[in-house]
Amino acid sequence: MNIEEIVPDAVAWRRHLHAEPELSFCEHRTAAFVRDVLESFGGLEVESPTPTSVVARLRGGRPGRTLALRADMDALPIQEESGVEFASRVEGVMHACGHDGHTASLLATARLLSGMRVELSGEVRFLFQHAEELPPGGATELIEAGVLKGVDAVVGCHLASDLDVGKVAVLDGPCTAAADTFFVRILGRGGHAAFPHTAIDPVAVAAQAITNLQHVVARTTPPLDSVVVSVTRIAGGTADNIIPESTEFGGTVRTYRKELRQSTRKTIDRTLSGVTAAHGATYAFDYLEGYAPVVNDPTLVAVVREAAGADRLVDYPPVMAGEDFSSYLSVAPGCFFFVGAGGKDAFPHHHPRFTIDERALPIGIETMTQTALSFLADTKIPDVG
């Protein structure tokens, strides 16, 4: 079977998954569907390391290295407005990030490679992962379950709606960012809004703090480093004539380097301390580290680029989004790449009208399949890591 023959099945699998989305850690029907499809191929050892994930092992006819290929399966809590005929049938849940396409593409890759089992050296391990969208993420659970034991390298891909169909981006080094969140409570002293001098206004202090946090990037970060500090929510007060006791706000921090991740956290804390002290208020600061950055291995980057083909490769900047594929890289070297599934007029990921161009599926399938064949067959590829 070749790629052209399997594309109709991949499209059908993707549309089925799109119509039946499930949220992180709840992918029971999705996992059952994936398992049934994998078992229909024959020649695969299929298991469920967690209740909502599936792993399939393809052992080649000769000994060799082991490559893991990963796809995520979870959807998002979004009401779909795409208008496609196979739109979500689940209220308030939608595949708004392309994970349905990732899963279908890896199923097709598994089918193609299973037909080549006798010729393969080593093992291909297919990871159908749950809960990428919700920290601490499904990758950590799969690692704890031992799915990377004996794995020499791991490869994953993501459909990108802002990248033209037919194009593939494989980045050197940092690929996605560390995705951290923070929560701040400004504690003042409440009172009547007509007599502000008798109170310590936490709303005014929060406004000063949020304004000063912009300097974390503008004036305390080296200009050649990439950092995002975004305050995305704020809440406080109950009435127009009452100064509240407290005000809360929160947001996200995105960085690529470990040292910068740590220093940015300290700078935010120092800024909050200074602003609140200047106004006689106090504060509580909680900082939650999310996924680590994805940093691609240069040897694997070369393999994936060759697999994709020079005519498809394009320059693509590192993205500030988070991705729990980074968890696998704490165990084995890897490469995460992007496959164009839209273009400049496409709706962004996590948008209720998001969709993918299904012409992207065969490109992802071909790149993953050829990556596996090249990595397992070419003894000239040096050991990675």
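The values are calculated or read from the model by the stated rules, or taken from the named source; none is laboratory data. These figures come from a predicted structure and were not determined experimentally. Ideal geometry is used to build each Cβ from the backbone, glycine not excepted, and the neighbour counts take in all protein chains shown. Surface accessibility is based on the protein's heavy atoms, side chains included, excluding ligands, DNA and RNA. Shrake-Rupley method; radii C 1.70, N 1.55, O 1.52, S 1.80 Å.
Every residue in region 16-35 that is part of a helix (DSSP H, G or I) and surrounded by 17 or more Cβ atoms within 10 Å (Cβ to Cβ), please.
Across region 16-35, the qualifying residues are LEU17, HIS18, ALA19, THR30, ALA31, PHE33, VAL34, ARG35.
Out of region 293-335, which residues are open to solvent by 40 Å² or more (accessible area, probe 1.4 Å), closer than 25 Å to GLY150 by Cβ and part of a loop (DSSP other than H, G, I, E, B)?
Selection gives VAL331 alone.
Just to be sure I understand, how many residues within region 244-260 are hydroxyl-bearing (Ser, Thr, Tyr) and either under 18 Å from ALA206 (Cα atoms) or open to solvent by 80 Å² or more (accessible area, probe 1.4 Å) (or both)?
Residues in region 244-260 being hydroxyl-bearing (Ser, Thr, Tyr) and either under 18 Å from ALA206 (Cα atoms) or open to solvent by 80 Å² or more (accessible area, probe 1.4 Å) (or both): 3 in total.
Pick from region 53-77 the residues that are part of a loop (DSSP other than H, G, I, E, B) and open to solvent by 30 Å² or more (accessible area, probe 1.4 Å): which of them is farthest from SER161 (Cα to Cα)?
Among residues in region 53-77 that are part of a loop (DSSP other than H, G, I, E, B) and open to solvent by 30 Å² or more (accessible area, probe 1.4 Å), the one farthest from SER161 (Cα to Cα) is GLY61.
Scan region 187-243 for residues that are assigned to a strand (DSSP E or B), in contact with a Pro (Cβ under 8 Å, 6 or more places away or on another chain) and either within 30 Å of VAL319 (Cα to Cα) or open to solvent by 60 Å² or more (accessible area, probe 1.4 Å) (or both) and jot them down.
LEU187
Within region 280-312, count every residue that is among the aliphatic types (A, V, I, L, M) and within 30 Å of GLU248 (Cβ to Cβ).
Going through region 280-312 one residue at a time, the tally reaches 4.
Checking the conditions here, which among GLU119, GLU91 is open to solvent by 40 Å² or more (accessible area, probe 1.4 Å), free of Cβ contacts under 8 Å to residues at least 40 places away in the same chain and over 17 Å from SER330 (Cα atoms)?
Selected residue: GLU91, the only one of GLU119, GLU91 that is open to solvent by 40 Å² or more (accessible area, probe 1.4 Å), free of Cβ contacts under 8 Å to residues at least 40 places away in the same chain and over 17 Å from SER330 (Cα atoms).
Could you please tell me which pairs satisfy a Cβ distance under 8 Å, a separation of 6+ or placement on different chains, a first residue in region 22-34 that is touching a residue at least 60 places away in the same chain (Cβ under 8 Å) and of a type in the set (Phe, Trp, Tyr), and a second residue that is surrounded by fewer than 20 Cβ atoms within 10 Å (Cβ to Cβ) and not in a helix (DSSP H, G or I)?
Pairs found: PHE25/LEU134.
Quick one: would you say LEU127 is under 19 Å from THR369 (Cβ atoms), at pLDDT 95 or above and out of contact with any Ser or Thr (no Cβ under 9 Å at 6 or more places or on another chain)?
no
Kindly provide the set of residues from region 219-258 that are charged (D, E, K, R) and at pLDDT 95 or above, ordered by number.
If the condition is that a residue be charged (D, E, K, R) and at pLDDT 95 or above, then ARG233, ASP240, GLU245, GLU248, ARG254 are the ones that fit.
Mind checking which residues of region 81-122 are under 30 Å from GLY60 (Cβ atoms), among the hydrophobic types (A, V, I, L, M, F, W, C) and not in a helix (DSSP H, G or I)?
Of everything in region 81-122, those that are under 30 Å from GLY60 (Cβ atoms), among the hydrophobic types (A, V, I, L, M, F, W, C) and not in a helix (DSSP H, G or I) turn out to be MET116, LEU120.
Can you pull out the residues in region 261-282 that are under 21 Å from MET320 (Cβ atoms), open to solvent by less than 40 Å² (accessible area, probe 1.4 Å) and either hydrophobic (A, V, I, L, M, F, W, C) or in contact with a Phe, Trp or Tyr (Cβ under 6 Å, 6 or more places away or on another chain) (or both)?
ILE268
Tell me, please, whether a residue that is more than 20 Å from ALA360 (Cβ to Cβ), hydrophobic (A, V, I, L, M, F, W, C), part of a strand (DSSP E or B) and open to solvent by less than 50 Å² (accessible area, probe 1.4 Å) can be found in region 36-47.
Scanning region 36-47 turns up at least one residue that is more than 20 Å from ALA360 (Cβ to Cβ), hydrophobic (A, V, I, L, M, F, W, C), part of a strand (DSSP E or B) and open to solvent by less than 50 Å² (accessible area, probe 1.4 Å).
Which of the residues belonging to region 129-186 are in contact with a Gly (Cβ under 7 Å, 6 or more places away or on another chain), open to solvent by 30 Å² or more (accessible area, probe 1.4 Å) and over 20 Å from PHE354 (Cβ atoms)?
PRO135, THR181, PHE183, listed by residue number.
So the check is Cβ under 6 Å with 6+ separation or different chains; which pairs have a first residue in region 250-262 that's within 13 Å of VAL228 (Cα to Cα) and assigned to a loop (DSSP other than H, G, I, E, B) and a second one that's of a type outside the set (Ser, Thr, Tyr) and open to solvent by 10 Å² or more (accessible area, probe 1.4 Å)?
TYR256/PRO174; TYR256/PRO293
Consider THR50 against the criteria (1) assigned to a loop (DSSP other than H, G, I, E, B); (2) under 23 Å from GLY122 (Cα atoms); (3) not small (Gly, Ala, Ser): it satisfies all of them except one. Which criterion is unmet?
With respect to (1) assigned to a loop (DSSP other than H, G, I, E, B); (2) under 23 Å from GLY122 (Cα atoms); (3) not small (Gly, Ala, Ser), THR50 is out only on (2).
Scan VAL165, VAL154, VAL184 and give me the residue that is of a type in the set (Val, Ile, Thr), within 20 Å of ALA310 (Cα to Cα) and either in contact with a helix residue (DSSP H, G or I) (Cβ under 7 Å, 6 or more places away or on another chain) or modelled with pLDDT of 95 or more (or both).
The unique qualifying residue is VAL165.
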